[in-house]
Amino acid sequence: MRSAPRAPFRLACLALALGVAACGAYEDAGADTAAETAAAEPVDVSSVDPTQLPNPFEASDSTWGQASAGREFGAVSAIYPAPDGRSIWVGERCGANVCVDSDVDPIMQFDLDGNLITSFGAGMFAWPHGMYVEPDGSVWVADATGYAAVPEGWGHVMYKFSPEGELLMTLGQRGVAGTEPGLFAKPSDMVVAPDGHIFVADGHDAGGNNRVVKLSPTGEFVMEWGETGEADGQFQDVHAMAMDSSGRIWVGDRANSRIQLFDQEGNHLETITHMGRPSGIFITADDMVYVADSESNAGRNPGVPRGIFIGNALTLELTGFVPDPEPDQDNSGTSGAEGVAVDAEGNIYGAEVGPRTVRKYVRR
């Protein structure tokens with residue numbers, strides 16, 4: 001899911017394969033660095049085997065955050081760092097795969113060691129999915145309803161909260177799916193541009209709405225683009241969204257096993273197929289992109305390993321790969337990270353739907 005806001009501190013860079021520097025998540029690279037990177041000579045990025053790339057991370061245990069929360073997590077796909085990168089927001093499905101009739105808070109904030117800071121949202125969500133945190137700390141969460149058995153009257157909305165849990169805005173109508181302005185059907189993710197415009201990945205199903213919706217900063221419909229299909233500008237399961245420093249919108253077109261890049265008026269710019277079958281996307285302030293693939297297997301995107309792809313969002317070069325911990329990469333289910341986030345220290349957090357946990361990957 002996700003582009004990280006800038007913060008005032010700087011971390012050391014780690015040189016990886018292909019000569020690209022992977023810096024800390026919150027480094028302010030500056031306009032000159034970004035321009036130089038964008039002007040780099042093009043390379044055949046699609047020819048790189050991700051399993052031959054370095055993995056500069058090692059996994060922590062699979063129970064991060066659960067002890068302090070006082071319960072085992074349910075399915076987790078919503079995850080995002082706070083603006084300073086010193087805490088992590090998580091949306092989990094109430095110890096199961098659906099929150100209907102649960103009295104626990106599905107939206108939680110943890111420090112980097114997994115200690116609970118605050119929580120909220122009990123009784124509001126059916127199926128927390130994507131998440132985005134604005135520079136002022138406001139927390140957006142999509143309620144997609146998904147494939148779980150969800151009764152009528154739930155989901156199809158996006159909520160904006162203050163960091164204290166006050167509801168600031170609701171997009172869509174709870175329990176009402178639709179295609180007309182003001183309605184959504186299983187929205188998966190969102191991102192907010194620097195000028196305040198809101199972009200929504202609308203349609204968790206491969207045969208659903210399959211569109212991107214642009215809204216004003218106050219939530220009014222501006223435009224939309226996309227339809228079901230396999231051509232450029234078409235989608236099948238718009239599952240994740242992020243924005244890089246140049247303002248390009250990255251859309252995870254999961255059932256088509258690709259990422260599509262657009263400008264903010266919906267013009268198609270590029271299609272990427274070498275970063276797996278995208279379930280989650282996160283882009284740091286220095287334009288390092290992390291793409292979580294939780295689904296590639298023998299029947300879906302065959303020959304591609306599941307894991308977290310790491311690359312340069314401007315040159316599109318891959319620089320690293322974190323393998324899925326699941327040993328059976330050809331099973332038909334989902335495993336490993338679906339949502340992905342990076343903290344101020346450059347550590348990765350994988351939000352896992354199938355294993356129902358958050359796994360922290362620490363820099364070696």
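The values are calculated or read from the model by the stated rules, or taken from the named source; none is laboratory data. No experiment lies behind these values; they were computed from the predicted model shown. Neighbour counts are summed over all protein chains in view; Cβ atoms, including those assigned to glycine, are modelled from backbone coordinates with ideal geometry.
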* To do: With the condition kept exactly as written, say whether any residue in the range 236-245 is at pLDDT 95 or above, assigned to a loop (DSSP other than H, G, I, E, B) and among the small types (Gly, Ala, Ser).
  => yes
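What number of residues within the range 80-108 satisfy the criterion of being within 20 Å of GLU134 (Cα to Cα) and touching a Phe, Trp or Tyr at 6+ places or on another chain (Cβ under 8 Å)? Spell out the reasoning first.
Here is the first cut: in the range 80-108, the residues within 20 Å of GLU134 (Cα to Cα) are 80-92, 106-108.
Filter once more, keeping what is touching a Phe, Trp or Tyr at 6+ places or on another chain (Cβ under 8 Å): 80-82, 84-85, 87-92, 106-108.
Qualifying residue count for the region: 14.
Can you tell me how many residues within the range 47-80 are part of a strand (DSSP E or B) and polar (S, T, N, Q)? Let's see the steps before the verdict.
Within the range 47-80, the subset part of a strand (DSSP E or B) is 57-59, 76-80.
Those still in the list that are polar (S, T, N, Q) too: 77.
Count: 1.
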* To do: Only residues in the range 287-300 that are in contact (Cβ under 8 Å) with a residue 60 or more places away in the chain count as the first member; pair them with residues that are in a loop (DSSP other than H, G, I, E, B) and among the polar types (S, T, N, Q), Cβ under 8 angstrom, at least 6 apart or cross-chain, and list the lot.
  => ASP287/SER245; SER294/THR334; SER294/SER335
* Asked: Can you name the condition, by its number, that ASP84 falls short on among (1) modelled with pLDDT of 50 or more; (2) more than 24 Å from PRO163 (Cβ to Cβ); (3) not in a strand (DSSP E or B)?
  -> (2)
* Structure fact -> Subset of the range 96-121, residues small (Gly, Ala, Ser) and either touching a Ser or Thr at 6+ places or on another chain (Cβ under 7 Å) or in contact (Cβ under 8 Å) with a residue 40 or more places away in the chain (or both), comes to GLY114, SER119, GLY121
* Structure fact -> Within the range 213-224, residues within 21 Å of LEU261 (Cβ to Cβ), surrounded by fewer than 24 Cβ atoms within 10 Å (Cβ to Cβ) and not charged (D, E, K, R) come out as LEU215, VAL222, MET223
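Given the options ALA193, ALA201, ALA185, name the one that is of a type in the set (Gly, Ala, Ser) and surrounded by fewer than 19 Cβ atoms within 10 Å (Cβ to Cβ). Full working, then the answer.
Working: ALA201 fails: surrounded by fewer than 19 Cβ atoms within 10 Å (Cβ to Cβ); ALA185 fails: surrounded by fewer than 19 Cβ atoms within 10 Å (Cβ to Cβ).
Exactly one residue qualifies, and that residue is ALA193.
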